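Working notes, structure below.
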Amino acid sequence: MSKMLVIPAVFICTTVLALGLASEEVPFLSNGLTVLPVSIVAEKDRFLVLGDKAIVTQAVADNYSEVATDSRGTLHVVQHPREKNYGTSDGKIVVRLHSADNLAGLAADYGLSVDHVFSAAPVGVLEADSIEAAISLVNTLRDDSRVVSADLNVSYYEEQPN
């Protein structure tokens, strides 16, 4: 019987300040792993449980017809570059700008679309054609003079003592 790691639904959403990510650190896509609703996946098929999501290999996922989504869309498995903990991402980029007026221009300059604009702060959510494209653009956006911070939109899950 294989061992499965279960991580409770307590999770931490990323920000540069909260995780202390260095400017060159960007979560990486965990190729070969897929997110499914934990309720439909047999325990023996689970690689990892993150809250109400089951992380499974692509071979296992091929046996199921449903994919995991949330209010952000289809989810992907990512791993923190230093801490090595797993998280889920919709592949969007959260950017904090010096001025909210720069969001549309920034998106246009990098071939991104604006998914959401926050009204209380100069923060927006940008969308690339794929999660791979988003990951590859994060450091480039961080180097742009209009940007205060840029991060892949990720929810990391941490193991909690029982």
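The values are calculated or read from the model by the stated rules, or taken from the named source; none is laboratory data. Keep in mind that this is a model prediction, so the values were computed, not measured. Using ideal geometry, Cβ is built from the backbone for each residue, glycine included, and neighbour counts are taken over all protein chains shown.
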Result of the Cβ filter at 8 Å on segment 58-70, keeping first residues that are closer than 12 Å to PHE47 by Cα and partners that are part of a helix (DSSP H, G or I) and modelled with pLDDT of 85 or more, at least 6 apart or interchain, is VAL60/ASP45
Q.
Just to be sure before I move on: is SER130 surrounded by fewer than 13 Cβ atoms within 10 Å (Cβ to Cβ), of a type in the set (Gly, Ala, Ser) and out of contact with any strand residue (DSSP E or B) (no Cβ under 8 Å at 6 or more places or on another chain) in the structure I sent?
A. no
Heads up, the strands (runs of 3 or more DSSP E) in segment 28-101 (entirely inside) with at least 2 residues that are among the charged types (D, E, K, R), closer than 19 Å to SER155 by Cβ and in contact with a Lys or Arg (Cβ under 8 Å, 6 or more places away or on another chain) are 86-97
Within segment 133-154, the residues that are under 23 Å from ASN31 (Cβ atoms) and surrounded by fewer than 17 Cβ atoms within 10 Å (Cβ to Cβ) are ALA133, SER136, ASN139, THR140
Counting only residues in segment 83-121 that are basic (Lys, Arg) and closer than 30 Å to PHE47 by Cβ, the one modelled with the lowest pLDDT is identified as LYS84
